[in-house]
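Read through the structure below, which is laid out as structure tokens, and then see the notes.
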Amino acid sequence: MGIFFSKKKQSSRVTDQDKAVLQLKQTRDKLKVYQKRIEQNIEKDREIAKILLTKNQKDRALLLLRKKKFQEQILVKTDGQLENLERMVHDIEFAQVETKVVDGLKVGNEALKKLHALLSIDDIEKVMDETKEGVEKQQEINALLYGELTEVDEDDVEAELNALITEDAELKTPEITTDVPLPDVPEHEPYKDKEAKSKSQEPVALEA
């Protein structure tokens, strides 16, 4: 046994304006096809009239040229009709856009009204007053619990802060010690001491 799924019938979104635009565009397209056929007939009659003139059939050529002139007038009228159709299509489509804009403005206006109803001026002022009172009350509680610092206390706190900053800077700066023992400076020049030592070690010649 098969399973049947029922679907709700969706309402058609095609409006009467859409149908009108579609019909106007179809009429426009048919009119353009008609214009094309007239243009072809005009060109054909003109060529036949030229042939008839070469055969000395002036009367028949004159009839064809009159027909050609009549078709040219029809072609001019169809141009005006096409222009009217195009303008009407544009007006309807633009009116549809304007309708959507107006609908959007209505929705936005209703949303603003609901927001204003939720947040009235009186409610906002009440909330601001309660917030201000809460802040002032908290400040009073802090003053009672911790006390308020006098100007002298503030100076002491500032001085202690500066001292901590200085102490921290001293800890980061490496100390340079000046108590490193240095070697004694020799009293005699090295070359002279060496020369004197070599002389004292030379043998002394005894007299015979």
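The values are calculated or read from the model by the stated rules, or taken from the named source; none is laboratory data. Predicted, not measured: the structure shown is a model, and the values here were computed from it. Cβ placement follows ideal geometry from the backbone for every residue including glycine, while neighbour counts extend to all protein chains displayed. Just so you know, the surface numbers come from the protein's heavy atoms only, side chains and all, with ligands and any DNA or RNA stripped out. Shrake-Rupley method; radii C 1.70, N 1.55, O 1.52, S 1.80 Å.
Some points to look at:
- Any hit, the stretch 5-16, residues being of a type in the set (D, E, K, R), surrounded by 13 or more Cβ atoms within 10 Å (Cβ to Cβ) and at pLDDT below 90: no
- Among the residues making up the stretch 135-153, those that are open to solvent by less than 90 Å² (accessible area, probe 1.4 Å), at pLDDT below 80 and in a helix (DSSP H, G or I) are Ile141, Asn142, Ala143, Asp153.
- Any hit, the stretch 96-108, residues being part of a helix (DSSP H, G or I) and more than 24 Å from Val21 (Cβ to Cβ): yes
- Taking residues in the stretch 76-92 that are under 23 Å from Arg37 (Cβ atoms), and partners anywhere that are among the hydrophobic types (A, V, I, L, M, F, W, C) and surrounded by 14 or more Cβ atoms within 10 Å (Cβ to Cβ), the pairs with Cβ atoms closer than 6 Å and at least 6 places apart or on different chains are Thr78/Leu31; Leu82/Leu31; Leu85/Leu24; Val89/Val21; Val89/Leu24.
- Subset of the stretch 116-134 [open to solvent by 100 Å² or more (accessible area, probe 1.4 Å) and either part of a loop (DSSP other than H, G, I, E, B) or not charged (D, E, K, R) (or both)]: His116, Leu118, Leu119, Ile121, Met128
- Index of the failed condition, Ile38 passing every other in (1) out of contact with any Ser or Thr (no Cβ under 9 Å at 6 or more places or on another chain); (2) without any contact (Cβ under 8 Å) to a residue 60 or more places away in the chain; (3) of a type in the set (A, V, I, L, M): (1)
- Against the test of being exposed (fewer than 11 other Cβ atoms within 10 Å of the Cβ) and either free of Cβ contacts under 8 Å to residues at least 12 places away in the same chain or more than 30 Å from Asp91 (Cβ to Cβ) (or both), the options Asp45, Asp59 yield a single qualifying residue, Asp59.
- For the stretch 62-97, a tally of residues being open to solvent by 70 Å² or more (accessible area, probe 1.4 Å) and closer than 18 Å to Leu24 by Cβ returns 13.
- Qualifying residue in the stretch 98-107 (condition: more than 30 Å from Leu24 (Cα to Cα) and of a type in the set (A, V, I, L, M, F, W, C)): yes
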